[in-house]
Structure formats: C-alpha cells, structure tokens
1. Across region A:29-39, what is the total count of residues that are at the interface with chain B (Cβ under 10 Å from one of its Cβ atoms) and closer than 11 Å to A:Phe91 by Cβ?
2. Filtering region A:60-76 down to residues that are assigned to a loop (DSSP other than H, G, I, E, B) and open to solvent by 40 Å² or more (accessible area, probe 1.4 Å), which residue is nearest to A:Thr17 (Cα to Cα)?
3. Just give me the residues in region A:1-54 being in a loop (DSSP other than H, G, I, E, B), surrounded by fewer than 19 Cβ atoms within 10 Å (Cβ to Cβ), hydrophobic (A, V, I, L, M, F, W, C) and within 16 Å of the chain's Cα centre (by Cα), in sequence order.
4. Of all residues in region B:42-69, which are closer than 11 Å to B:Ala86 by Cβ and of a type outside the set (Lys, Arg)?
5. What are the residues in region B:63-99 that are of a type in the set (Gly, Ala, Ser) and over 19 Å from A:Arg37 (Cβ atoms), if any?
6. Which strands (runs of 3 or more DSSP E) sit wholly inside region B:55-114 and have at least 1 residues that are within 28 Å of A:Ala48 (Cβ to Cβ)?
7. If you scan region A:77-117, which residues turn out to be in a loop (DSSP other than H, G, I, E, B), farther than 22 Å from B:Ile102 by Cα and either out of contact with any strand residue (DSSP E or B) (no Cβ under 7 Å at 6 or more places or on another chain) or of a type in the set (S, T, N, Q) (or both)?
8. Can you name every residue in region B:27-52 that is part of a loop (DSSP other than H, G, I, E, B), touching an Asp or Glu at 6+ places or on another chain (Cβ under 6 Å) and either among the acidic types (Asp, Glu) or modelled with pLDDT of 95 or more (or both)?
Amino acid sequence: GAVVSQHPSRVICKSGTSVKIECRSLDFQATTMFWYRQFPKQSLMLMATSNEGSKATYEQGVEKDKFLINHASLTLSTLTVTSAHPEDSSFYICSATPPGPGANVLTFGAGSRLTVL
Amino acid sequence: GENVEQHPSTLSVQEGDSAVIKCTYSDSASNYFPWYKQELGKRPQLIIDIRSNVGEKKDQRIAVTLNKTAKHFSLHITETQPEDSAVYFCAAYDGYSSASKIIFGSGTRLSIRP
C-alpha cells in the first residue's frame, strides 16, 4: 500500500533553534499534504495544507512565520519550526491522500516528536 | 467549515462486550467518513470507512453506521479484545475533492478490561 515516510521520528533541540521535519510520499505523488499537531491525549489538529508549487494554506491561529512549510516537489513536504520554544514541544504528523479509485484516503507518516528544552 | 464532535472521550468495557463511539458532523457536503485507530506513540491507522451513499458497513468485528439526515455516524466494535485498547478518531470530509480539509473528532480512549 501507499507509504508516507516522516523524518526525524524524535528530535530534541534548544530553545531558539530551528527544526526541520521532512515528509515524503514513497510510492506516489502528492500534490497536497497535510500537517497535524497532536498534544498528549488530544486530537489531531490540522495546522496547514501543503500545496506543491504554491503557498501552504494555514489554519486559523497557526503562525505562518513560526511554522514554515515548503512543498517543492511532488514527493516531499517540509515543516520547519523556527525559533522553537518549549510550548512548541508536540507530536507533529504529516499525511497525504494517495491517488486511487474512490475517496481520498488519508495515510499518515509515523510522526515526529519534538522536545524543546 | 466542517465541525466534528465525538463522544464519549473515554470508554471502558469488559472484554467480550461491545463498544460504541459516536460522531456528529456539520457540513452536508461531507461524503466520506473514516475511522482511525491510534496506539500509544504510533501513527493513526485506518480501520474502516463509509461513504455517504451507504448506511452501514461491516468488517468482521467492526461496523460503522451512517445517518445522513441526522448527520451522525457511529463505530461499533463487538466481542472486544485487549488489543482493541487504543484511541479512536472519526473524521468527515468531501472525499472526492482535493481541496477538502480533513477534520478529526476529539478522540475516544477505549480501554478493554480483562
């Protein structure tokens, strides 16, 4: 089946530094990818929709300058958390909808757990 | 935009009993309703889905029902087993539009008591 690969799975960084998370569709092309954030024991909150070749669409309340999204190719989207602070510590999960017959089924990456010290 | 509400937030059932999780949605344009299971520290995995032209779908011990008029859908797990313990999320969206945002319910933490 379709696979979405996400890297790194875990990252620890100092406050004020930037962290990049990569999301790749391994066996299909994804013009659209979705970035979610999940706090402990909470739901998946949509942060932004990443569009290949154009600007990402951010959800209300998500800072564009804080969470930079780049979707430069049909198989790669990146999320950069800039000037990270402890409150940015969270589980970030990317996803995509592989092409196929029927409805667009969301496939998730393994997630990236970010800890900001 | 779409708003998905999910109940209950936590559910504990005796092994072998049934579990039911309910979701409501607001956008009548939504036509695809998947359910995901997420084990601790892992990615959500699709377990069953239903389209708006179907009222019920079953896959072994798991079934989903949809009431389009009332805009609610439910997940039913029968003969529960310890490995069913996890967090379950519902979602509702236009599954045939590339522009559709995929919004999830708040999740239900299911615990199976031995």
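The values are calculated or read from the model by the stated rules, or taken from the named source; none is laboratory data. From a predicted model like this one, the values you see are computed outputs, not experimental measurements. Backbone-built Cβ (ideal geometry, glycine too); neighbour counts: all protein chains shown. Note: areas computed on protein heavy atoms with side chains; ligands, DNA, RNA excluded. Shrake-Rupley method; radii C 1.70, N 1.55, O 1.52, S 1.80 Å.
1. So the answer is 2.
2. Top of the filtered list is A:Asp65.
3. A:Val3, A:Leu26, A:Phe39
4. B:Pro44, B:Gln45, B:Ile47, listed by residue number.
5. Listed by number, the residues that qualify are B:Ala63, B:Ala70, B:Ser74, B:Ser85, B:Ala86, B:Ala92, B:Gly95, B:Ser97, B:Ser98, B:Ala99.
6. Here the list reads B:72-77, B:86-92, B:108-113.
7. A:Thr82, A:Ser83, A:Ser89
8. Hit for region B:27-52 is B:Asp27, nothing else.
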